[in-house]
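Chemist: Can you keep this structure in mind? I'll have questions shortly.
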Amino acid sequence: MGGSILVTGGCGFIGSNFVQQLLARQPACRVVNLDALTYAGNPNNLAALEGDPRYRFVHGDICDGEGVGRLFGEESIHAVVHFAAESHVDRSIAGPAEFVRTNVSGTFALLEAARRAWAGSGQGRFLHVSTDEVYGSLGETGYFTEKTPYDPRSPYSASKAASDHLARAYHHTYGLPVLVTNCSNNYGPYQFPEKLIPLIFNNALHGRDLPVYGDGKNVRDWLYVEDHCDALLTVLERGVVGETYNIGGNNEKPNIEIVETICGLLDRLAPPLATGAARRSLIRFVKDRPGHDRRYAIDAGKIRDRLAWAPAVTFEEGIEKAVRWYLDHPEWLVGVLDGSYRTYYEAMYGDR
């Protein structure tokens, strides 16, 4: 795979992992990383690529259709991997407007730019990266498949559902070479600490309360981020245009088990608390999130059977790798939490 690939949101959690893996596996590629650098976008995640002629960072907004169109022309973009999105459910409940703007209008602007750039060429691939939350909530049994009807329950998942439908509509209406993926909960290096695993890690490390929604028995399927990036590269390289692929980790866990696992790892790998207490003593059950989906679980049989992909990292391996990564990179977590990574951004890119 050669040529220029536009990655949106490449300074975020999954995006930065993907850019690193893509350039490591495909040395002939050039990556153009378009990122608005909102609170969760950290250019420091990709500082090692500075000066690499295969990598270009562009500070910009996916909603700027004119600017996105210019990028297609300047770089002869032949593929798009679209991560850029507002993604935190709690934030979507407090302020849904930005989710509609970025996730719906931003996806529309990208699709339009790709349609115009590739019109009549028979070229291009547009990989739209989405979430299993668009499917709603499961009972105690069953799995989400690519044919599960959409039933979003939060402004976040509704905005992602809308963008999924737009992407598919551009394929069916205009012949745009779109692929869609819906993944389960990711975890691993560079995840912003508003999400469950890095939030619990940081609080438990420092002896703070560990808030758990409701009874803690909401179930999610957990996918190590490097496995997810490997699956995305597989879909980008070999996926059938117009198809959707569910990507799961085969690791269903209730939230309370995740929290207790992190506590146990930190009790083993980090200095003990000053009180000498086990970290699970810090768990505090709090009022449940409005509309909190009870269970998500992905059936990843299609991508396994048709593209020969399966996750390589078990949850037990992945969660220890994640905890060790955060322990080994305290400066990254501190910089994100105190906002000092913004100083790096301002020095590199000014106030653009």
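Chemist: If I go through segment 80-113 residue by residue, how many of them are among the basic types (Lys, Arg) and more than 14 Å from Ala36 (Cα to Cα)?
Modeler: So the count comes out to 1.
Chemist: Which count do you get for residues in segment 84-103 that are among the hydroxyl-bearing types (Ser, Thr, Tyr) and surrounded by fewer than 17 Cβ atoms within 10 Å (Cβ to Cβ)?
Modeler: So the count comes out to 0.
Chemist: Could I ask something else about it? Tell me which residues, restricted to segment 184-216, are more than 19 Å from Cys11 (Cα to Cα), touching a residue at least 60 places away in the same chain (Cβ under 8 Å) and not aliphatic (A, V, I, L, M).
Modeler: Ser184, Phe201, Asn202, Asn203, Gly207, Arg208, Asp209, Pro211, Tyr213, Gly214, Asp215, Gly216
Chemist: For segment 72-87, state whether one or more residues are more than 26 Å from Ser16 (Cα to Cα) and small (Gly, Ala, Ser).
Modeler: no
Chemist: Filter segment 67-106 down to the residues that are assigned to a loop (DSSP other than H, G, I, E, B) and acidic (Asp, Glu) and list them by number.
Modeler: Glu86
Chemist: Something else about it: Quick one: what pairs do we get from segment 145-156, first residue under 13 Å from Tyr296 (Cβ atoms), second not in a loop (DSSP other than H, G, I, E, B), C-beta under 6 Å, 6+ apart or different chains?
Modeler: Within 6 Å, the pairs are Thr148/Tyr135; Pro152/Val134; Pro152/Ala158; Pro152/Ala161; Ser154/Val89; Ser154/Ser92.
Chemist: Residues of segment 38-57 being surrounded by fewer than 19 Cβ atoms within 10 Å (Cβ to Cβ) and within 24 Å of Phe108 (Cα to Cα), which ones?
Modeler: Listed by number, the residues that qualify are Thr38, Tyr39, Arg56.
Chemist: Here is a further query. If you go through segment 297-316, how many residues are farther than 17 Å from Asp132 by Cα, of a type outside the set (A, V, I, L, M) and touching a residue at least 12 places away in the same chain (Cβ under 8 Å)?
Modeler: 4
Chemist: Any idea which of (1) assigned to a helix (DSSP H, G or I); (2) of a type in the set (A, V, I, L, M); (3) closer than 30 Å to Gly3 by Cα is the one Val323 doesn't satisfy?
Modeler: (3)
Chemist: Could you tell me which of the residues Ala169, Ala161 is within 30 Å of Gly122 (Cα to Cα) and surrounded by 17 or more Cβ atoms within 10 Å (Cβ to Cβ)?
Modeler: The conditions single out Ala161.
Chemist: Looking at segment 255-269, is at least one residue of a type in the set (A, V, I, L, M, F, W, C), closer than 30 Å to Val178 by Cα and surrounded by 14 or more Cβ atoms within 10 Å (Cβ to Cβ)?
Modeler: no
Chemist: Those residues that are polar (S, T, N, Q) and either in contact (Cβ under 8 Å) with a residue 12 or more places away in the chain or over 18 Å from Val241 (Cβ atoms) (or both), I need them from segment 116-138; list them, please.
Modeler: Gln123, Ser130, Thr131, Ser137 - these are the residues of segment 116-138 that are polar (S, T, N, Q) and either in contact (Cβ under 8 Å) with a residue 12 or more places away in the chain or over 18 Å from Val241 (Cβ atoms) (or both).
Chemist: In addition: Would you be able to say whether some residue in segment 243-254 is over 22 Å from Thr131 (Cβ atoms) and surrounded by fewer than 18 Cβ atoms within 10 Å (Cβ to Cβ)?
Modeler: no
Chemist: Return a yes/no flag: does segment 104-120 have any residue that is modelled with pLDDT under 95 and either touching an Asp or Glu at 6+ places or on another chain (Cβ under 7 Å) or surrounded by fewer than 18 Cβ atoms within 10 Å (Cβ to Cβ) (or both).
Modeler: So far as segment 104-120 goes, yes, one or more of its residues are modelled with pLDDT under 95 and either touching an Asp or Glu at 6+ places or on another chain (Cβ under 7 Å) or surrounded by fewer than 18 Cβ atoms within 10 Å (Cβ to Cβ) (or both).
The values are calculated or read from the model by the stated rules, or taken from the named source; none is laboratory data. Bear in mind the structure is a predicted one, so any value in this text is a computation, not a measurement. Glycine gets a Cβ as well: all are built from the backbone with ideal geometry, and neighbour counts include every protein chain shown.
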